[in-house]
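Heads up, the thing below is written out as structure tokens.
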Amino acid sequence: MLDAFLVHANTVISAKGDSEPLDISEAASRIFLLTLSITSIVEQEAIDLSLFTSADGTTWETKPAASLPQKFYPGEYPLLVDLSSANAKFVRAHWEVNRWGRGSTTPKFEIGVRLREVSKEALQEAEAEAHTRR
């Protein structure tokens, strides 16, 4: 089961950027849980996080495979990502940050981005539980 950090926990970022490519070709499932962890943030700033795919690790799709809504507060933000229809062998995270208001306009975040493969069994169990709650 794939379980890796695209951005190591507690990494300080102050500008837009990209993670290193992660090879997902050996993953048994094409469903992943992407989690953005924001451990530190200052007021009046925001971060946008997207996940991009590539077939070769050098040429990247122009549109993200998944994106989280803009975030303003510390916390953990999970997103279930289905790459079953994509010809993806590699993924990377891309982030955009901004800051407004008084004082320094340089953003400062402390984040981590984790990608975990979701097993078929876990998906079936979640689906069965969802049907019982309807």
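Couple of notes before you dig in:
- For first residues located in region 77-97 and assigned to a strand (DSSP E or B), partners that are aromatic (F, W, Y) and crowded, with 20+ Cβ neighbours inside 10 Å and lie 6+ apart or on another chain with Cβ distances below 6 Å form the pairs V81/F32; R92/F52; H94/F52.
- Whichever residue in region 8-49 is of a type in the set (V, I, T) and touching a Phe, Trp or Tyr at 6+ places or on another chain (Cβ under 8 Å) and, among such residues, is nearest to W95 (Cα to Cα): I47
- Which listed residue is within 15 Å of S37 (Cα to Cα) and surrounded by fewer than 18 Cβ atoms within 10 Å (Cβ to Cβ), from E76, E61: E76
- Test set (1) touching a Lys or Arg at 6+ places or on another chain (Cβ under 6 Å); (2) not in a strand (DSSP E or B) - E127 fails condition number: (1)
- Considering each residue of region 14-26 in turn, at least one proves to be acidic (D, E), part of a strand (DSSP E or B) and surrounded by fewer than 14 Cβ atoms within 10 Å (Cβ to Cβ).
- Selection within region 110-134: residues that are touching a Ser or Thr at 6+ places or on another chain (Cβ under 7 Å) and not aliphatic (A, V, I, L, M). The member of this set that is surrounded by the fewest Cβ atoms within 10 Å (Cβ to Cβ) is K120.
- Only listed residue being more than 23 Å from S14 (Cα to Cα), surrounded by 14 or more Cβ atoms within 10 Å (Cβ to Cβ) and at pLDDT 95 or above, chosen from F90, F52: F90
- Checked against the criterion of being surrounded by fewer than 13 Cβ atoms within 10 Å (Cβ to Cβ), modelled with pLDDT of 95 or more and part of a loop (DSSP other than H, G, I, E, B), region 37-47 contains not a single residue that satisfies it.
- Residue among A4, A9 that alone is in contact (Cβ under 8 Å) with a residue 60 or more places away in the chain, out of contact with any Leu (no Cβ under 9 Å at 6 or more places or on another chain), small (G, A, S) and assigned to a strand (DSSP E or B): A9
The values are calculated or read from the model by the stated rules, or taken from the named source; none is laboratory data. Keep in mind that this is a model prediction, so the values were computed, not measured. Note that each Cβ is placed from the backbone with ideal geometry, even for glycine, and that neighbours are counted across all protein chains shown.
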